[in-house]
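Colleague: Below are the structure tokens for one structure; questions will follow.
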Amino acid sequence: MISFVTSNKGKFAEARGIFGDLEQKDIGYTEIQADTLEEVAIFGMKEVSSRLQVPVMLEDAGLFIEALQGFPGVYSAYVQKTIGNDGILRLMEGVVDRRAFFKSVVVYAEPGLEPQMFKGIVQGRIGYEARGSLGFGYDPVFYVDERSLGETEIEEKNRISHRAASMLALKEWLDSR
Ligand code: IMP
């Protein structure tokens, strides 16, 4: 059984929808300030795998808005905590190009194995209003086609999301060994 190190219940619920058997480990780790999700995830895994000698995965994700040159990107957690979805909608006032994507970087490790990295993205756009109360974080303002992820059931999000793509890639790799 894999331990997923996260404090985020929403992430864990999605991951369990993909892996089935999964244990949540809410132990916390250092999230460095870096330019890429990959660096944050790899650094986090070094700390986690030295503490947990079991099969373990962690994930770093972010929202990248084209018209804002990829902001909030690696700052997504801080921006969500501070200005939130209302702040994002304000920043996007009057902006015609609404394109954005979510990116997920998953790192998996087990004793004796070089950490393995898997990535996924989902393309969408920032809506003009927050809609729905499903999911978490930026889901209500991130739209795929005509629906926000806040209006999208977890089973459907797990067919299209950045997290589903990265975690299914890990699952396939695990199954192919
Ligand atoms: P982290 O991967 O936990 O560092 O996530 C960074 C920020 O992006 C947090 O504020 C999350 O709430 C948000 N976030 C990550 N994944 C998703 C998602 O699937 N939907 C909406 N927000 C997300």
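The values are calculated or read from the model by the stated rules, or taken from the named source; none is laboratory data. What you see is a predicted model; the values in this text were computed from it and never measured. Glycine also receives a Cβ, built like all others from the backbone with ideal geometry; neighbour counts cover every protein chain displayed. The accessibility values were calculated without ligands, DNA or RNA, using every heavy atom of the protein model including side chains. Shrake-Rupley method; radii C 1.70, N 1.55, O 1.52, S 1.80 Å.
Colleague: Running a GNM on the chain with Cα contacts under 10 Å, which residue among 44, 94, 17 ends up with the highest mean-square fluctuation?
Modeller: Taking springs between Cα atoms under 10 Å, the residue moving most is 94.
Colleague: Could I ask something else about it? Once neighbouring chains are kept in place and the probe is 1.4 Å, which whole percent of the accessible area of the chain is contributed by carbon and sulfur?
Modeller: That fraction is 50 percent.
Colleague: Place a label point 7 angstrom from the Cα of residue 172 along the Cα-to-Cβ direction, then list the residues of segment 1-39 whose backbone nitrogen is under 11 Å away.
Modeller: Flagged as within label range: none.
Colleague: Turning to a different aspect of this structure: Could you check how many percent of all C-alpha pairs in segment 105-161 are farther apart than 14 Å?
Modeller: Tail of the P(r) past 14 Å holds 58 percent of the pairs.
Colleague: Where nothing but the Cβ of Lys and Arg (+1) and of Asp and Glu (-1) is charged, how large is the charge dipole of segment 2-175 around its Cα centre, in debye to the nearest 20?
Modeller: 180 debye
Colleague: Taking 25 °C and 0.890 mPa s as the conditions, I'd like the Stokes-Einstein D for the chain in µm²/s, using the Kirkwood hydrodynamic radius from alpha carbon pairs.
Modeller: Values: Rh = 16.5 Å.
Answer, rounded: 148 µm²/s.
Colleague: Sequence neighbours fewer than 8 away in the same chain don't count; with that in mind, list the aspartates and glutamates whose C-alpha is under 15 Å from residue 11.
Modeller: The reachable aspartates and glutamates, counting only those whose Cα sits under 15 Å from residue 11, are 21, 23, 26, 59, 60, 139, 153, 155, 156.
Colleague: Take the Cα gyration tensor of segment 1-61, multiply each eigenvalue by 5, square-root it, and list the three semi-axes largest first, rounded to whole angstrom.
Modeller: Equivalent-ellipsoid dimensions as semi-axes: 19, 14, 9 Å.
Colleague: Order 50, 3, most accessible first, counting only protein heavy atoms with a 1.4 angstrom probe.
Modeller: Working: 50 80, 3 5 Å².
Listed by decreasing accessible area, they come as 50, 3.
Colleague: Rounding to the nearest 20 debye, state how big the charge dipole of segment 1-57 is about its Cα centre with +1 on each Lys and Arg Cβ and -1 on each Asp and Glu Cβ.
Modeller: Values: 6 positive and 9 negative charges, 47 e Å.
Taking the Cα centre of segment 1-57 as origin, the dipole is about 220 debye.
Colleague: Give, in nm to one decimal, the length gained when the segment between residue 52 and residue 26 is fully stretched (0.36 nm per residue of separation minus the Cα-Cα distance).
Modeller: Details: separation 26, 0.36 × 26 = 9.36 nm, distance 1.22 nm.
Full-extension gain reported as 8.1 nm.
Colleague: Something else about it: Counting other C-beta atoms within 10 Å, and keeping those with at most 12, which DSSP coil GluC sites (Glu not before Pro) do you find in segment 22-105?
Modeller: Answer in residue order: 93.
Colleague: So for segment 2-175, taking the charge dipole from beta-carbon charges (+1 Lys/Arg, -1 Asp/Glu), which of 124, 44, 67 sits furthest toward the positive end?
Modeller: Toward the positive end, the furthest listed residue is 67.
Colleague: What do you reckon, how do 166, 176 stack up by accessible area (1.4 Å probe), largest on top?
Modeller: From most exposed to least exposed: 176, 166.
Colleague: Related question: Indicate, rounded to the nearest 5 percent, the antiparallel portion of the DSSP beta bridges found entirely in the chain.
Modeller: 85 percent
Colleague: Excluding ligands, DNA and RNA, what is the solvent-accessible area per residue of the chain at a probe of 1.4 Å, expressed in Å²?
Modeller: 51 Å²
Colleague: May I pose another question? When only C-alpha pairs under 8 Å and at least 6 residues apart count, what is the relative contact order of segment 2-175, in percent? If you can, show how the numbers build up before the last one.
Modeller: Values: 342 pairs, mean separation 35.1, N = 174.
Reported as a whole number, the value is 20 percent.
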